[in-house]
Amino acid sequence: MERQSGIRLRLEEREECLSPLAAKSSRSAGRAVSERPSDVRTEYQRDRDRIIHCKAFRRLKHKTQVFIAPLGDHYVTRLTHTLEVGQIARTIARALNLNEDLAEAIAMGHDLGHTPFGHIGEDELDKIHPAGFRHSRQSLNIVERIERDGRGLNLTWEVRQGILKHSKPRGDFLSITSDDLTLEAQIVRISDAVAYLNHDLADAFRAGVLSAADLPANIADTLGRRHSERVDTIVCDIIAHSYQASGLNGARADVPVAITMGDEVRSVFMELREFMFTNVYMPQDEQEKGFTARRIMRFLYNHFTSNHDEIPPEYARRSRTKDEAVVDYVSGMTDLYAIRVAERLSPGIGRIFSERLL
């Protein structure tokens, strides 16, 4: 029987069969605090497991993706979104002969720092907090100094870098390159958009916000008329136009390679993204639930800024300043918990939400 101490070495040797452009766990830039290696897991597998077992990951099941407090069991949550990103990222990484474990670890951690109420909550906290707020930065804060009673998860540099830089501006984000991003981090960055655009579109159909007839013909004709067709078209296009990353056609480590799409699918993909901003994301912000979510975020931030003694004491240990403790506490809340706390402090502030949530 193989000794346990040799299992990790065997897994690391298997990684040597990957593309010369793949990130190898045995050559990771390492952790902030040195640790004894695992006997049975690579460094990136260890990171993935730490993320999945942390408290912030569990809270994702009760955080909004787009539709706030929907009356239905099949709407996407921040947790199911994360799992879809991981599945898409692993598919692409496997096809391109890159490191699936690194891609999965980044995917599992990329949204840990999201606020309650999705991007509405993030935008409101960004407006009212003097230093601004970005969920990607907060995701990094969670894994570096909030989890494990303030000790953080001590993840590898490659995973932390991928988490921090996964966010994308509105518009053609593929035109923006980052030379220090691993190819696995680039995969997660693009997989995130593939996942949310398609499942948010499905949720918009489910909610009656859109019908299939509303989808522009160019998008349907190019990407597909069903959810599975659209995801398959985009993923296969990414693989086909990023195949040099695989190292299977003579790619060299000293030649720049990026994860990208072909011109036609890329153009239509960006058209779909703009369509979703215009017809789903922005209109949801203007709904009554969106206004109420913003009001709750403002109320909670202002209340705990004026009443620091009401913040759970563990945040004083994890946060570097009182202001940071407010942001850490409020942003870490689930939708349900934020509503309950706000209702307890100011009855009626969240009455628009279903009584079954309160």
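The values are calculated or read from the model by the stated rules, or taken from the named source; none is laboratory data. Nothing here was measured: the structure is a model prediction, and the numbers come from that model. No Cβ is skipped: glycine too gets one built from the backbone with ideal geometry, and neighbour counts run over all protein chains shown.
For segment 13-68, a residue qualifies if it is outside any loop (DSSP other than H, G, I, E, B), among the polar types (S, T, N, Q) and either modelled with pLDDT of 95 or more or surrounded by fewer than 17 Cβ atoms within 10 Å (Cβ to Cβ) (or both), and the qualifying residues are Ser25, Ser26, Gln45. The C-beta contact set for segment 139-167 (first residue at positive phi, second residue of a type in the set (Asp, Glu) and in a loop (DSSP other than H, G, I, E, B), distance under 8 angstrom, 6+ apart or interchain) comprises Asn154/Glu35.
Scan segment 117-171 for residues that are in a loop (DSSP other than H, G, I, E, B), at pLDDT 95 or above and within 14 Å of the chain's Cα centre (by Cα) and the total you get is 1.
Evaluate the following for Asp309: is it of a type in the set (Asp, Glu), surrounded by 12 or more Cβ atoms within 10 Å (Cβ to Cβ) and in a helix (DSSP H, G or I)? So Asp309 fails the test. The residues in segment 307-358 that are touching a Gly at 6+ places or on another chain (Cβ under 7 Å) and among the small types (Gly, Ala, Ser) can be counted, and the count is 2.
Considering the conditions (1) buried (at least 19 other Cβ atoms within 10 Å of the Cβ); (2) free of Cβ contacts under 8 Å to residues at least 40 places away in the same chain, Met297 is excluded by exactly one of them, (2). Of the residues that sit in segment 312-354 and are part of a helix (DSSP H, G or I) and small (Gly, Ala, Ser), which one is surrounded by the fewest Cβ atoms within 10 Å (Cβ to Cβ)? Only one residue tops the list, namely Ala316. Across segment 71-105, the number of residues qualifying as in a loop (DSSP other than H, G, I, E, B) and not small (Gly, Ala, Ser) comes to 9. Exactly one residue among Leu223, Leu174, Leu215 is of a type in the set (A, V, I, L, M, F, W, C), within 24 Å of the chain's Cα centre (by Cα), modelled with pLDDT of 90 or more and buried (at least 18 other Cβ atoms within 10 Å of the Cβ), and that residue is Leu223.
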